[in-house]
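Participant: Here you go, one structure.
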Amino acid sequence: MFASVISGAVCGIESRLISVEVDISNGLPGFSMVGYLSSEVKEAQDRVRAALHNSGIHLDPKKITVNLSPADIRKAGSGFDLPVAVAMLAAYGRIPAKTVEGIFFAGELSLNGELRGIHGILGMVGEAKRAGCHSCVIPAANAREGAVIQGIRVYGAKDLDGTVKHLLGEEILEPYTINIEETFQNGGKCPKEDFSDIKGQEIVRRAAEIAAAGRHNLLISGPPGTGKSMIARRIPSILPPMTFDESLEVSMIHSVAGILPEEGILCERPFRMPHHTVSAAGLAGGGTVPRPGEISLAHRGVLYLDELPEFQKETLEILRQPLEDKNIVITRNTGSFVFPADFILVASRNPCKCGYYPDRTRCRCSEHEVRRYLHRISRPLLDRIDLHVSAEPVTYEELQNDAGGESSAAIRARVLKAHKMQTERYAGYKIRFNGELPAEAVSKYCQTDEEGRELMQSIFTKKRLTARTYHRILKVARTIADLEGEEKIQTKHLSEAVCYRPEE
Amino acid sequence: MDKTNCDEIYWAWLCGIPGLYLPHQTMLLNRCGSPRAVWEMPESGLRELEKQGVCWVEKVRRFQREKTPEQFAAALAERKIRFVSRENERYPKRLRTIENAPLGLFYKGKLPEEDRTSVAIVGARMCTRYGKETAEQIARMTALGGGQVISGAAYGIDGAAQMAALESGGLSFGVLGCGAETVYPRGNRLLFERLEQQGGILSELPPGAAPLRSHFPVRNRLISGLADVVVVVEARKRSGSLITADYAADQNREVYAVPGRAGDELSEGCNELISQGSGIFLSVSHLRKNIFGSSAEEKTEKSAGLALAPSEKLVYSNLGLHARSLYELQTSTGLPLSELGEILLRMELDGLARETAKNYYAKVK
């Protein structure tokens with residue numbers, strides 16, 4: 001007897017539907033699984049056998065062959081337990097083959113027959129819906145995540161027994177539904193960290209606003225305890241809220257990584273802050289079957305690298321290409337995967353190893369040590385960061401000042417306006433934001449008035465700028481002008497942009 | 001090599017013996033009578049020395065075998081290192097008067113000029129911005145007044161002062177604690193290159209001598225010796241700059257110390273010098289008067305503030321001779337960043353302010 005059910009596998013961040021075929025034949029009893037499987041998928045046979053037995057289902061000893069097709073995709077993960085079990089029952093004739101048609105199955109079985117949650121459900125259910133499945137049976141733990149996809153019935157099953165009863169029509173499960181609009185709205189609204197918590201640090205705060213408005217990368221230098229991380233953490237709150245499509249896209253990535261919040265959908269822009277011991281694969285994504293790294297988890301949000309010089313040099317160099325291309329291509333022997341990585345890079349560093357340079361009364365580093373510390377970050381990487389600011393120690397008066405600064409909402413309003421201007425300006429061009437402006441297009445899009453041109457010329461010679469720095473100042477000035485709704489860059493915009501240039 | 005003095009190559013050879021210092025050289029000279037006699041000292045003479053318990057004879061013997069005075073002179077020329085001995089009339093006059101003057105000097109570039117006022121500016125390697133800027137101001141004043149700056153070409157105060165003097169078109173001389181061809185510290189390579197062109201690099205040690213810890217205190221007697229005035233900018237309690245100041249006092253040089261706040265570790269040494277009776281640095285113009293006399297022209301700074309708009313005046317009044325950060329300026333003026341940046345930039349272009357480091361601004365005098 002033969003039967004097949006539909007399941008899915010994660011490839012990169014995309015999901016592919018997999019058909020799980022089971023054939024039962026006479027002969028020497030045995031269980032073999034084929035179809036380019038990783039070891040955890042092969043182990044399914046033991047889990048399935050025990051789970052069936054412990055759910056009170058006894059099957060005759062036969063020759064069982066399981067094939068997962070298409071056979072050229074590497075299958076990994078534990079989500080094939082349930083489809084294999086269901087397909088076996090259908091092949092044994094315990095469940096009518098007709099009833100499993102058009103149903104997507106995924107889930108891990110424990111030996112007593114309970115269903116456990118798996119990663120990547122969101123993408124799989126989305127793919128099942130696209131392929132025309134009318135419903136899906138997934139672990140109850142993942143039901144909320146699956147229900148985010150509209151237009152397909154999502155059943156969250158607790159155990160194998162419940163699944164069988166549902167399929168036989170003995171005890172039909174309730175489809176899991178959520179009000180997606182409401183969830184999305186509420187998620188965006190829930191209380192979060194606000195810029196009004198920050199005291200002082202006007203310059204860094206302003207730089208954060210510019211970074212958000214033009215999607216520039218930002219480097220904050222400053223002694224410990226000056227609120228570098230606090231400010232970085234609040235940057236998502238001044239970025240425009242995610243659209244539903246963006247939210248779904250980001251949730252898909254987080255689902256694959258298994259870190260989706262309970263609501264089943266990510267409503268706020270992600271903020272990722274990997275520790276400086278992160279490995280290259282952890283940052284960029286990797287593994288034999290590549291999984292998204294931190295830069296992809298920060299897609300559409302902020303990647304914050306605290307203590308930038310402490311990161312492994314090789315790890316940091318990985319960032320160079322994704323910062324340009326907004327995605328990363330990872331090639332392994334199982335294939336090539338493209339992970340999106342469109343994020344704002346915010347980095348912080350101490351001015352020296354002890355953190356107090358140039359305050360020589362406290363700093364104990366030698367000139368050489370200071371220089372070596374700062375030179376750990378390579379020039380090509382620094383060249384991709386437009387805004388360089390330093391955070392100053394907070395004074396007592398500022399600490400005592402309860403008023404705090406501007407709220408995130410007020411800043412966000414200006415950022416939104418600047419985004420709108422950029423959308424209009426770059427309509428039909430390959431980029432969307434000032435931060436992405438390539439050098440050759442700077443002169444076209446960053447037009448200054450006559451006075452500004454003269455100023456730029458004198459700055460160039462006076463401050464001994466390089467061509468690179470010159471372009472960066474213009475790009476940042478463009479964003480500052482956008483924040484004020486000005487079409488032409490004026491001298492005041494340029495003069496402010498000069499303050500954010502990198503130290504040569 | 002100097003043609004007028006045919007003994008010069010023997011002097012160079014004597015000073016070039018690796019591992020021998022002034023007392024050893026003097027002892028050899030006293031025994032043999034002339035540097036040429038040292039070179040020609042026979043094996044029997046050396047053995048006799050050994051018998052008397054002199055442990056460094058092997059160094060002389062080895063150098064005798066290794067290089068003839070002519071070869072050594074050629075090797076120096078190849079490395080563009082020149083030599084001047086105590087017998088030579090070009091030997092700095094200032095050094096003739098000091099105790100333990102070296103037998104000769106190896107140098108690249110030029111020797112300090114006799115008729116220019118020499119100011120030694122010394123201080124801590126790990127200095128504050130205040131110290132660095134003060135050193136730069138003094139160096140600039142010296143250069144513009146026609147003087148020359150002597151120092152140790154180290155990080156911090158020394159290097160900053162010398163660089164500032166060179167940048168204002170003045171002369172500067174670095175006295176090293178290693179061979180004249182060694183760039184130490186390596187990070188000051190640019191300074192060394194400029195010193196060679198616009199001044200000189202001096203050392204009493206032969207080429208190839210390593211920058212050993214013990215070389216530096218001894219070297220300091222030359223810094224003060226080559227100077228007329230020694231200014232100590234920042235020094236901790238136990239600092240090499242204080243050794244220089246001690247030498248300066250012994251050599252009858254004028255010593256000035258830049259005062260600091262009581263309790264600042266980096267000023268403890270300077271304040272102690274002042275308490276011991278050294279001159280106090282009050283301001284650049286005060287020092288200029290003391291060094292160059294009142295005839296030196298003084299620029300008026302009053303006229304600058306006249307044509308400024310109110311907000312510009314506000315910013316200008318908040319600027320000092322020592323740089324303040326953009327953040328401090330913003331807090332004290334209360335102006336928005338875009339306006340403040342614009343004003344500072346304009347004042348910089350008009351020559352009223354200067355940016356000493358990124359986002360640090362000071363008044364221009």
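The values are calculated or read from the model by the stated rules, or taken from the named source; none is laboratory data. Note that the structure is predicted; figures quoted are calculated from it, not measured. Reconstructed Cβ throughout: ideal geometry from the backbone, glycine too, with neighbour counts over all protein chains shown.
Participant: Just give me the residues in the range A:481-490 being in contact with a strand residue (DSSP E or B) (Cβ under 8 Å, 6 or more places away or on another chain) and part of a helix (DSSP H, G or I), in sequence order.
Facilitator: Once the filter is applied, which keeps residues that are in contact with a strand residue (DSSP E or B) (Cβ under 8 Å, 6 or more places away or on another chain) and part of a helix (DSSP H, G or I), the range A:481-490 yields only A:A481.
Participant: Six or more apart or on different chains, Cβ atoms under 7 Å: show the pairs whose first residue is in the range A:231-253 and part of a loop (DSSP other than H, G, I, E, B) and whose second is aromatic (F, W, Y).
Facilitator: That search, which allows pairs on different chains as well, returns A:R234/A:F195.
Participant: May I ask you to verify whether A:F105 is touching a Ser or Thr at 6+ places or on another chain (Cβ under 7 Å) and farther than 30 Å from A:G227 by Cβ?
Facilitator: Yes; evaluated as a whole, the condition is true for this residue.
Participant: Tell me yes or no: at least one residue of the range B:199-219 is in contact (Cβ under 8 Å) with a residue 60 or more places away in the chain and under 14 Å from B:V122 (Cβ atoms).
Facilitator: Taking every residue of the range B:199-219 in turn, at least one turns out to be in contact (Cβ under 8 Å) with a residue 60 or more places away in the chain and under 14 Å from B:V122 (Cβ atoms).
Participant: For the range B:126-141: of the residues being within 14 Å of chain A (Cβ to nearest Cβ) and of a type in the set (D, E, K, R), which is surrounded by the most Cβ atoms within 10 Å (Cβ to Cβ)?
Facilitator: B:K132
Participant: Hey, among the residues in the range A:381-400 that are within 12 Å of another protein chain (Cβ to nearest Cβ) and out of contact with any Gly (no Cβ under 6 Å at 6 or more places or on another chain), which one's farthest from A:I344 (Cα to Cα)?
Facilitator: Per the criteria, the residue is A:E397.
Participant: In this structure, is B:N88 in contact with a Lys or Arg (Cβ under 8 Å, 6 or more places away or on another chain) and not in a helix (DSSP H, G or I)?
Facilitator: It is false that B:N88 is in contact with a Lys or Arg (Cβ under 8 Å, 6 or more places away or on another chain) and not in a helix (DSSP H, G or I).
Participant: Separate question: Can you tell me which residue in the range A:471-504 is surrounded by the most Cβ atoms within 10 Å (Cβ to Cβ), limited to those that are more than 10 Å from chain B (Cβ to nearest Cβ) and more than 24 Å from A:R384 (Cβ to Cβ)?
Facilitator: Among those residues, the one meeting the criterion is A:E486.
Participant: Scan the range B:133-151 residue by residue and report those that are touching a strand residue (DSSP E or B) at 6+ places or on another chain (Cβ under 6 Å) and over 13 Å from B:V231 (Cβ atoms).
Facilitator: Residue satisfying the conditions is B:Q148 alone.
Participant: Another question, then. Return the pair list, or none, for Cβ contacts closer than 9 Å from residues in the range A:367-388 that are under 24 Å from A:E496 (Cβ atoms) and at pLDDT 85 or above to residues that are in a strand (DSSP E or B) and among the β-branched types (V, I, T), at least 6 apart or on different chains.
Facilitator: Taking only residues 6 or more apart or on different chains, the pairs are A:L387/A:I220; A:H388/A:I220.
Participant: Next question. In the range A:181-201, what count of residues is obtained for those that are crowded, with 17+ Cβ neighbours inside 10 Å and either of a type in the set (D, E, K, R) or at pLDDT 85 or above (or both)?
Facilitator: 5
Participant: Could I ask something else about it? Could you check, for the range A:430-450, whether at least one of its residues is without any contact (Cβ under 8 Å) to a residue 60 or more places away in the chain, assigned to a helix (DSSP H, G or I), within 11 Å of chain B (Cβ to nearest Cβ) and under 28 Å from A:H375 (Cβ atoms)?
Facilitator: No, there is no match, as no residue in the range A:430-450 is without any contact (Cβ under 8 Å) to a residue 60 or more places away in the chain, assigned to a helix (DSSP H, G or I), within 11 Å of chain B (Cβ to nearest Cβ) and under 28 Å from A:H375 (Cβ atoms).
Participant: Among the residues of the range A:124-155, what is the count of those that are in contact (Cβ under 8 Å) with a residue 24 or more places away in the chain, crowded, with 20+ Cβ neighbours inside 10 Å and farther than 19 Å from A:L248 by Cβ?
Facilitator: So the answer is 2.
Participant: Could you list, in sequence order, the residues of the range B:328-354 that are crowded, with 18+ Cβ neighbours inside 10 Å, touching a strand residue (DSSP E or B) at 6+ places or on another chain (Cβ under 7 Å), within 11 Å of chain A (Cβ to nearest Cβ) and farther than 13 Å from B:S311 by Cβ?
Facilitator: Within the range B:328-354, just B:E348 meets the criteria.
Participant: Now a separate question. Against the definition (under 19 Å from the mean Cα position of the chain (by Cα), buried (at least 22 other Cβ atoms within 10 Å of the Cβ) and polar (S, T, N, Q)), how does A:S279 come out, yes or no?
Facilitator: Judged against the criteria, A:S279 is not a match.
Participant: Okay, next question. How many residues, within the range A:8-35, are part of a loop (DSSP other than H, G, I, E, B) and surrounded by fewer than 16 Cβ atoms within 10 Å (Cβ to Cβ)?
Facilitator: Total satisfying the criteria: 4.
Participant: If you don't mind, another one. I'd like the full set of residues that are free of Cβ contacts under 8 Å to residues at least 60 places away in the same chain and either among the basic types (K, R) or surrounded by 22 or more Cβ atoms within 10 Å (Cβ to Cβ) (or both), limited to the range B:105-125.
Facilitator: Selection gives B:R116, B:R125.
Participant: Does B:G146 count as in a loop (DSSP other than H, G, I, E, B) and either buried (at least 24 other Cβ atoms within 10 Å of the Cβ) or away from chain A (no Cβ under 14 Å) (or both)?
Facilitator: So B:G146 fits the description; yes.
Participant: Say we look at the range A:331-380 and pick out the residues that are within 11 Å of chain B (Cβ to nearest Cβ) and acidic (D, E); which of these is nearest to A:A211 (Cα to Cα)?
Facilitator: A:D359
A quick yes/no check of all residues on (1) assigned to a helix (DSSP H, G or I); (2) surrounded by 15 or more Cβ atoms within 10 Å (Cβ to Cβ); (3) not assigned by TED's automatic domain parsing to the domain that holds A:P223:
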site: A:I385; (1), (2), (3): no, yes, no
site: A:H388; (1), (2), (3): no, yes, no
site: A:E397; (1), (2), (3): yes, no, no
site: A:V415; (1), (2), (3): yes, yes, yes
site: A:A418; (1), (2), (3): yes, yes, yes
site: A:G452; (1), (2), (3): yes, yes, yes
site: A:T469; (1), (2), (3): yes, yes, yes
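Participant: Still on this structure, I have one more. Among the residues of the range A:324-340, how many are among the small types (G, A, S) and farther than 22 Å from A:S251 by Cα?
Facilitator: So the count comes out to 1.
Participant: Return the residues of the range B:269-314 that are closer than 24 Å to B:A353 by Cα, part of a loop (DSSP other than H, G, I, E, B) and modelled with pLDDT under 90; say none if nothing qualifies.
Facilitator: Listed by number, the residues that qualify are B:A296, B:E297, B:E298, B:K299, B:T300, B:E301, B:L308, B:A309.
Participant: Shifting gears a bit: Given the structure, is A:I489 outside the structural domain of A:D386 (by TED's automatic domain parsing), in contact with a Ser or Thr (Cβ under 6 Å, 6 or more places away or on another chain) and within 20 Å of A:E209 (Cβ to Cβ)?
Facilitator: It is true that A:I489 is outside the structural domain of A:D386 (by TED's automatic domain parsing), in contact with a Ser or Thr (Cβ under 6 Å, 6 or more places away or on another chain) and within 20 Å of A:E209 (Cβ to Cβ).
Participant: Another one. Kindly establish whether A:E314 is more than 25 Å from B:L266 (Cα to Cα) and not hydrophobic (A, V, I, L, M, F, W, C).
Facilitator: Considered against the rule, which asks whether it is more than 25 Å from B:L266 (Cα to Cα) and not hydrophobic (A, V, I, L, M, F, W, C), A:E314 comes out as yes.
Participant: Another question about this same structure. Hey, any hits in the range B:102-123 for a residue that's over 25 Å from B:W11 (Cα atoms), within 14 Å of chain A (Cβ to nearest Cβ) and not aromatic (F, W, Y)?
Facilitator: Among the residues of the range B:102-123, at least one is over 25 Å from B:W11 (Cα atoms), within 14 Å of chain A (Cβ to nearest Cβ) and not aromatic (F, W, Y), which makes the answer yes.
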